1. When region 19-44 is examined, which residues are found to be under 17 Å from Ile136 (Cα atoms), among the aliphatic types (A, V, I, L, M) and touching a strand residue (DSSP E or B) at 6+ places or on another chain (Cβ under 9 Å)?
2. Scan the strands (runs of 3 or more DSSP E) fully inside region 21-132 and keep the ones with 2 or more residues being hydroxyl-bearing (Ser, Thr, Tyr).
3. Taking region 123-164, which residues are closer than 11 Å to Thr80 by Cβ and free of Cβ contacts under 8 Å to residues at least 12 places away in the same chain?
4. What residue, among those in region 115-145 that are β-branched (Val, Ile, Thr) and surrounded by fewer than 24 Cβ atoms within 10 Å (Cβ to Cβ), is nearest to the chain's Cα centre (by Cα)?
5. What's the number of the only condition in (1) closer than 24 Å to Gln182 by Cβ; (2) over 13 Å from the mean Cα position of the chain (by Cα); (3) surrounded by fewer than 22 Cβ atoms within 10 Å (Cβ to Cβ) that Val79 fails to meet?
6. Give His234, His223 a once-over and let me know the one that is in a loop (DSSP other than H, G, I, E, B), under 23 Å from the mean Cα position of the chain (by Cα) and on the phi < 0 side of the Ramachandran plot.
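Bear in mind that the values in this text are calculations on the coordinates, not laboratory data. Note that the coordinates shown come from a computational prediction; the quantities given were computed from them, not determined experimentally. Neighbour counts are summed over all protein chains in view; Cβ atoms, including those assigned to glycine, are modelled from backbone coordinates with ideal geometry.
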Amino acid sequence: MPIALLTDFGLQDSYVGVMKGVIATLAPTAQLIDLTHDLPPQDCYAARFTLLSAYPYMPPGTIYLVVVDPGVGTQRRAVTVQTFQGTFVGPDNGVLSGIWERDSQRNQGVLNAVELTNMAYWRSPHPSTTFHGRDIFAPVAAHLANGVPIDDLGTRIDPQSLISLPLQAPIATATGWIGAIQYIDRFGNAATTIPASIVITSDWSVTIGDHTLPGGQTYGNVHPGQGLALVGSHGFVELAVNQGNAQQQIGLVVGDRVELTKR
């Protein structure tokens, strides 16, 4: 059973390799997939969106090991969450929330959620207060890959108590939809919370602040340096600048309100 890893650790230090070593010790036959380790440090919003946009392309039953954990060592919960798509291991700080928020719209939300309180499945009953990825999350993912039932890992919790990050969900208006920016990639393109299924017209635009961007199908629909809105490969309406950086040129920030208008 594959384990997909998503962290903000980077590759300069040994953190990723150490987690892989823990997994290899406990589950040597598990296939490891690196989604990314280059997220902005401590950026839970980036982790949430990256996981949300990547998991549909992973094999069914994949175990997702997500370690973006600015609250490591505090009272924040360590959890495992099971859905129809797979099993997710990480801190209860919102990094996993995009999964059940999207799947709940398809009536395929959380099947089971457990707080990781059973120390028998940790690397040590005395974990480091700064590296739960090594001492709790990686060994739990390995045990799951070995077939350990999720209920053996700790105490069941109410899925409704899982933390979500505050983001404006799409709201219908008389002329279109209101949403928010949920992620900005390394090119400066901004993914909104407005899904592609809403864009069913060929004549539409998106307004953010003082800027109104025409709707298009490809970056090349406008001249280099000009902005536009289009449906990104992740399935959400995206704000971009052809051969430019929309984040810098327009001044975009995660959480900014956007309004899509149909004509």
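1. Within region 19-44, Met19, Ile23, Ala24, Ala27 meet the criteria.
2. 62-67
3. Answer for region 123-164, where residues must be closer than 11 Å to Thr80 by Cβ and free of Cβ contacts under 8 Å to residues at least 12 places away in the same chain: just Pro149.
4. Step by step, filter region 115-145, then rank; the result is Thr130.
5. Failing condition for Val79: (3).
6. His234
Every residue, every condition in (1) surrounded by fewer than 19 Cβ atoms within 10 Å (Cβ to Cβ); (2) touching a Leu at 6+ places or on another chain (Cβ under 9 Å), yes or no:
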| residue | (1), (2) |
| --- | --- |
| Met1 | yes, yes |
| Ala4 | no, yes |
| Asp8 | no, yes |
| Gln12 | yes, no |
| Val18 | yes, no |
| Ala24 | yes, yes |
| Gln42 | yes, no |
| Tyr45 | no, yes |
